[in-house]
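The values are calculated or read from the model by the stated rules, or taken from the named source; none is laboratory data. Worth saying up front: this structure is predicted, and the values here are computed from it rather than measured. Cβ placement follows ideal geometry from the backbone for every residue including glycine, while neighbour counts extend to all protein chains displayed. Surface areas here come from the heavy atoms of the whole protein model, side chains and all, with no ligands, DNA or RNA. Shrake-Rupley method; radii C 1.70, N 1.55, O 1.52, S 1.80 Å.
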Amino acid sequence: MQELVRFALIGHPLGHSFSERFFQEKFRKEGLCGYGYENLDVEDPDAVFPQLKKQALYRGFNVTAPYKQRILPYIDELSPEAKAVGAVNVIKVCGQRWFGFNTDCAGFSESLEHFLPETCRLEESSAGPAGGQMEEEASLRAMVLGNGGASRAVQHVLGRKKIPFVLVCREPSRAEGLLPEACVAKSYAEVDEACLRACRLVVNATSLGMYPHAGSAPPIPYAAAGSAHRAFDLVYNPACTLFMARFAEAGAQVKNGLEMLHVQAREAWKIWTSPLQGPGLSLP
């Protein structure tokens, strides 16, 4: 009997996730009958991660909250992007060695480009201060809610696109020294109506509003938003979160994280099915 080629999602909890369904459907459509994907709801990572490495039963993993940073000590080598972001959401397994990648950046970047007005779309660059290349949309400023693994990818992409942002999190003092030039950190209590009006792109990178807790949303003054605002929620289940609904009521355009998820899945599949090429874990 052919040995099953196994992949899995690591996180906790996983009741909200579409990844298992997505990959099982992909395998069915492509006739990959010897392939399987499952959810691994991990409550004790320090007990489970070493066992997963030792057993080497899986070809690769997706990693979701709350383990995108917690899993770093178990990674044998990081891609340049994962190292820059400080978070891993895709693992390629080679024997008992784990190679860590970050596809949140690609997913957010591509989905954001489809969401922003054309006058706001910018080529990514690794040089220069944030906000230095904008002309017609020089006033564009973003607000990023949350400072976990997904948020770090969002911050990284905005920095590359030279879009300055306000980072809003529970402990802003821990983030201030890590932010790009022209970016600041605030607590939720410091976000008043003037602050929200000044940030026409707002990204929810927290899990607030995710199924089954769809009745929650970040505590910001939504009524201060208007038709010039765009609100991007990385949550994709439910399809319309309370965060999105409140911005829509204020006249803003809204988007969820489903397209970002699809891009991430596409990039993960490329990583799992391509040979590693050193140095720096480059892939063809």
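For residue 185, the amide hydrogen comes within under 5 Å of the amide hydrogens of 167, counting only partners 5 or more places away or on other chains and with H modelled in the peptide plane. Residue-wise HN-Hα couplings along region 261-270, as the Karplus relation 6.51 cos²θ - 1.76 cosθ + 1.60 with θ = phi - 60° gives them from phi, are 4, 5, 5, 4, 5, 4, 5, 4, 4, 4 Hz; Gly and Pro carry x. Taking H placed 1.01 Å from N in the peptide plane, check which residues at least 5 places from residue 5 or on another chain put their amide H under 5 Å from its amide H. The list, which skips near neighbours in sequence, is 35, 36. Taking the DSSP beta bridges with both ends in the chain, the antiparallel portion is around 20 percent.
Ligands, DNA and RNA aside, residue 16 has an accessible area near 20 Å² when probed at 1.4 Å.
In whole Hz and in residue order, list the ³J(HN,Hα) couplings for region 98-109 that follow from phi through the Karplus curve 6.51 cos²θ - 1.76 cosθ + 1.60, θ = phi - 60°; x for Gly and Pro. Along region 98-109, the couplings run 10, 10, x, 10, 10, 9, 4, 4, 4, x, 5, 4 Hz. The Cα atoms of region 1-73 give a gyration tensor whose axes a ≥ b ≥ c have a/c of 1.5 or more with a/b no greater than b/c, which makes the shape oblate.
This model, with +1 at the C-beta of Lys and Arg and -1 at the C-beta of Asp and Glu, gives the chain a dipole about its Cα centre of some 420 debye.
A Gaussian network model of the chain, with springs between Cα atoms under 10 Å, assigns the largest mean-square fluctuation among 149, 11, 95 to 95.
Around the amide H of residue 78, modelled in the peptide plane, lie the amide H atoms of 100, all under 5 Å away and 5 or more residues distant in sequence or on another chain. Counted by Cβ distance under 10 Å from residue 60, the other residues give a net charge of +3, where Lys and Arg count +1 and Asp and Glu count -1. Under a no-solvent Debye model with one identical scatterer per Cα of the chain, what's log10 I(q)/I(0) at q = 0.11, 0.13 Å⁻¹? Here log10 of I(q) over I(0) equals -0.64, -0.89. Computed from the C-beta positions of residue 54 and residue 213 and an R0 of 22 Å, the FRET efficiency is 0.05 to the nearest 0.05. For residue 103, the accessible area of its heavy atoms, probed at 1.4 Å with every protein chain present, is near 10 square angstrom. Residues of region 216-246 with an amide N closer than 17 Å to a point placed 7 Å from the Cα of residue 193 along the Cα-to-Cβ direction: 220-229.
Could you work out the relative contact order of the chain, using alpha carbon pairs under 8 angstrom and six or more residues apart, expressed as a whole percent? Relative contact order for the chain comes out at 15 percent. When the chain is treated as a GNM with alpha-carbon contacts under 10 Å, the residue of 107, 159, 36 showing the greatest mean-square fluctuation is 36.
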